[in-house]
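See structure below.
Please treat every number below as a calculation from the coordinates, not as lab data. Predicted, not measured: the structure shown is a model, and the values here were computed from it. Because the Cβ atoms are built from the backbone with ideal geometry, glycine has one as well, and the counts that use them run over all protein chains shown.
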Amino acid sequence: MTDALDIDDFIAQMPQGMGGLNEKMGIRLTEISAERVVATMPVEGNTQPYGLLHGGASVVLAETLGSVGSAIHAHPDRLSVGIEINATHHRSATSGTVTGTATAIHLGRTTATYEVVITDERGKRVCTSRITCALMPRERYAS
């Protein structure tokens, strides 16, 4: 699957839309496919006590992007469940918006892995992350 999907249709299919945390953090998807997912997030409201973008906020953005991509890859027979994430914080951001771009590294039958690059408004790299998701049989989680 290489074509970008309609974001509103994707969100409508999710049991809780984008989820409460993503909504609180202001994460907005701008492009989605199994191979590439892009979203923005405001720095304001997602800072630590020194006024810098919180490293945990960058990790939430990265996990969202990898989870969305792997969910698209897994659909319709499997569900995506995050099993590992790491992040390296390169520089701070104190205002504006950051953009995360997840690029698929591996799209397999049982796992999907993404590299996520988060940049500031000047295009400077703020964070690099890698996330791996397990692709689980959907019937195992049916309610």
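Observations on the structure shown:
- Counting the residues of the range 126-140 that are surrounded by fewer than 21 Cβ atoms within 10 Å (Cβ to Cβ), within 21 Å of Val37 (Cα to Cα) and of a type outside the set (A, V, I, L, M, F, W, C) gives 3.
- Total residues in the range 97-133 satisfying the condition of being under 22 Å from Asn22 (Cβ atoms) and not in a strand (DSSP E or B): the figure is 2.
- Enumeration of residues in the range 15-49 that are within 11 Å of the chain's Cα centre (by Cα) and polar (S, T, N, Q): Asn22, Thr40
- Here Ile105 clears all of (1) among the aliphatic types (A, V, I, L, M); (2) in contact (Cβ under 8 Å) with a residue 40 or more places away in the chain; (3) surrounded by fewer than 17 Cβ atoms within 10 Å (Cβ to Cβ) except the condition numbered (2).
- Subset tally (residues that are touching a His at 6+ places or on another chain (Cβ under 8 Å) and either farther than 17 Å from Ala71 by Cβ or surrounded by 12 or more Cβ atoms within 10 Å (Cβ to Cβ) (or both)) for the range 1-49: 4
- Criterion: over 21 Å from Ala12 (Cβ atoms), touching a helix residue (DSSP H, G or I) at 6+ places or on another chain (Cβ under 6 Å) and polar (S, T, N, Q) - qualifying residue of Ser58, Ser129: Ser129
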